[in-house]
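A quick write-up on the structure given underneath.
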Amino acid sequence: MRQSSLVVVANRLPLDDNAAPDGACEWRRNPGGLASALHAILAPTPATWVGWAGGVGRAPALPDVGSLRLRPVSLTEDDLRGYYEGFANSTLWPLYHDAVQQPVFQRDWWETYRTVNQRFADAAAEVAEEGAAVWVQDYHLQLVPRMLRDLRPDLLIGFFMHVPFPPPELFMQLPRRVELLRGMLGADLVGFQREQAAHNFAQLARKLLGAEATDQTVAIDGRTVRTGAFPISIDVAEMRALVTRPDVVSQAKQLRHDLGQPKRVLLSVDRLDYTKGIEHRLTAYSELLRDGYVKVRDTVMVQVAVPSRERVESYQELRDRIEGEVGRINGEYGRVGEPAIHYLNQPFGRAQLAALYQTADVMVVTPLRDGMNLVAKEFVAAREDGSGALVLSEFAGSAAELEQAFLVNPHDVDGLKETLLRAMQADRADLAARMAAMRRHLAGHDILVWARAYLSALDDTGHLATLTGVAPG
Ligand code: ADP
Ligand code: G6P
């Protein structure tokens, strides 16, 4: 068994479901913030990534991707239902996102969640060399840090929560709240996207475990667990390289041409998820059309909504509702050859996404709740010429950083309409000043800065940061 000094443990391997293990395995990113973010730092690093390859049954043997080893964890059909679709995505995901969708508490899911977490912990323990650092990701694997510590007390263990960590009044609803909290506290460092999350965590550690806790440390079982906010970011250099590529520039021009050279293009890019506020956005846009503030010939809306978690009922229902609404809006306001909304339910490559970002005049990112939202940051990074408007929900983690966006409360449909109009009508100088400020922020806070901050906090000797190549040069 080959072992590594750095091990990442995440529910998914950073490959999409269809990446065939036929020897020609390349790093194909699946849509979603976690894989997008870690791609940049891990691609050039000798490390092992432990995760699910998608599908059920025996996990395929996967070849290395550059210097990264892939250690697949297999899931059975029952695991998939109880752990991934059940406890992770029907209980934790909605609860952690302000319960914008009713969380489901089904008792038998817990046992599967625990068993699968143990399987991930066992796999990580197997591939980690003596004294290695193991970095566990996200809400799917909250029990892994503690399980791993029991198996391998020699390891340095990090945990990072990519999604919001809820306030006590929501977390307290969880039937297995104590185990979940204790699980995370197996780590040496628990990282969150926002300060508020670290604060919620400390409150819960005091309330549920009687631990001595501040927003920076939790004392438990004779150990001190450090906590903190490490807002994740994107590979700014990658986006910059993409948008200056001649083929991407001409693809963007072609897109605008294919859209009928409208005066304005509004763009949204989301996983098809009820946290993303797609329905509220469609309502706002349809009312702007109804009331004549927006004309189909002048303005085009493009909604990219990539299918996600398709076997989960709430996602199927959401998709039906959205597709019904898009159909209604196009039926009512579109003309022959001129739909009001271009709806694309497909995954795109990075270059295609970059071209889309370049084509947009107004990027509309209005989740009801989002840990960070990388799409907003990708749009800003893609605007090399400093043009374009970003409409951004106050409830996205990225709103704390991209303060010059047109910030909006997406629950307030009238406010949303008014903000969309303001963004569409803003003058160039205003837009340029906003974009310049957001781009400055992003340039100083890219994915490498995030990784450096987290890894140096996990290991203050600087060894890890050097190992991953994210140490300052
Ligand atoms: P979440 O993590 O909830 O999916 P984020 O906005 O943080 O939301 O991250 C989404 C990531 O998925 C981004 O990197 C984005 O570029 C990517 N993505 C979104 N839609 C698509 C798509 N249709 N095809 C490929 N990648 C996509
Ligand atoms: C969010 C989560 C990730 C997850 C991604 C895609 O970004 O934080 O952990 O991988 O969504 O969701 P999926 O269920 O397809 O992995």
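Looking only at strands (runs of 3 or more DSSP E) that lie completely in the range 297-412, which have at least 3 residues being open to solvent by less than 40 Å² (accessible area, probe 1.4 Å) and touching a residue at least 40 places away in the same chain (Cβ under 8 Å)?
299-306, 362-365, 389-393
Looking at PRO231, is it within 16 Å of ligand 2 (Cβ to nearest atom), open to solvent by 30 Å² or more (accessible area, probe 1.4 Å) and on the phi < 0 side of the Ramachandran plot?
Considered against the rule, which asks whether it is within 16 Å of ligand 2 (Cβ to nearest atom), open to solvent by 30 Å² or more (accessible area, probe 1.4 Å) and on the phi < 0 side of the Ramachandran plot, PRO231 comes out as yes.
Yes/no matrix, rows are residues, columns are (1) without any contact (Cβ under 8 Å) to a residue 60 or more places away in the chain; (2) farther than 15 Å from LEU458 by Cβ; (3) assigned by TED's automatic domain parsing to the domain that holds LEU148; (4) part of a loop (DSSP other than H, G, I, E, B):
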{"site": "PHE165", "(1), (2), (3), (4)": "no, yes, yes, yes"}
{"site": "PRO175", "(1), (2), (3), (4)": "no, yes, yes, yes"}
{"site": "ARG182", "(1), (2), (3), (4)": "yes, yes, yes, no"}
{"site": "GLY186", "(1), (2), (3), (4)": "yes, no, yes, yes"}
{"site": "GLY191", "(1), (2), (3), (4)": "no, no, yes, no"}
{"site": "HIS199", "(1), (2), (3), (4)": "yes, yes, yes, no"}
{"site": "GLN203", "(1), (2), (3), (4)": "yes, yes, yes, no"}
{"site": "ARG206", "(1), (2), (3), (4)": "yes, yes, yes, no"}
{"site": "THR224", "(1), (2), (3), (4)": "yes, no, yes, no"}
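Looking at ALA241, ALA219, which is the one that is open to solvent by 40 Å² or more (accessible area, probe 1.4 Å) and not assigned by TED's automatic domain parsing to the domain that holds LEU458?
Of the residues listed, the single one that is open to solvent by 40 Å² or more (accessible area, probe 1.4 Å) and not assigned by TED's automatic domain parsing to the domain that holds LEU458 is ALA241.
Please go through the range 271-295 and give me each residue that is open to solvent by 10 Å² or more (accessible area, probe 1.4 Å) and either within 16 Å of ligand 1 (Cβ to nearest atom) or acidic (Asp, Glu) (or both), ordered by number.
Hits for the range 271-295 are ARG271, TYR274, LYS276, GLU279, GLU287, ASP291.
Counting only residues that are within 13 Å of ligand 2 (Cβ to nearest atom) and over 23 Å from ALA61 (Cβ atoms), which one in the range 71-86 is least open to solvent (accessible area, probe 1.4 Å)?
GLY86
Pull up the range 87-115, narrow it to residues that are polar (S, T, N, Q) and touching a residue at least 24 places away in the same chain (Cβ under 8 Å), then point me to the one that is surrounded by the most Cβ atoms within 10 Å (Cβ to Cβ).
The selected residue is SER90.
For a quick check of your reading of the model, give me the residue pairs whose first member lies in the range 264-276 and is modelled with pLDDT of 95 or more, whose second is assigned to a strand (DSSP E or B) and among the polar types (S, T, N, Q), with beta-carbon atoms closer than 6 Å and at least 6 apart or on different chains.
These pairs meet every condition: ARG264/THR299; SER268/GLN303.
From the list GLU129, GLU111, which residue is over 27 Å from ASN200 (Cβ atoms) and of a type outside the set (Val, Ile, Thr)?
One residue alone meets the criteria, GLU129.
Does the range 244-269 hold any residues that are open to solvent by 10 Å² or more (accessible area, probe 1.4 Å), among the hydroxyl-bearing types (Ser, Thr, Tyr) and closer than 20 Å to LEU344 by Cβ, and which are they?
If the condition is that a residue be open to solvent by 10 Å² or more (accessible area, probe 1.4 Å), among the hydroxyl-bearing types (Ser, Thr, Tyr) and closer than 20 Å to LEU344 by Cβ, then SER250 is the only one that fits.
The values are calculated or read from the model by the stated rules, or taken from the named source; none is laboratory data. Note that this is a predicted model, so its numbers are computed, not measured. Glycine also receives a Cβ, built like all others from the backbone with ideal geometry; neighbour counts cover every protein chain displayed. In case anyone asks, the SASA skips ligands and DNA or RNA and just uses the protein heavy atoms, side chains included. Shrake-Rupley method; radii C 1.70, N 1.55, O 1.52, S 1.80 Å.
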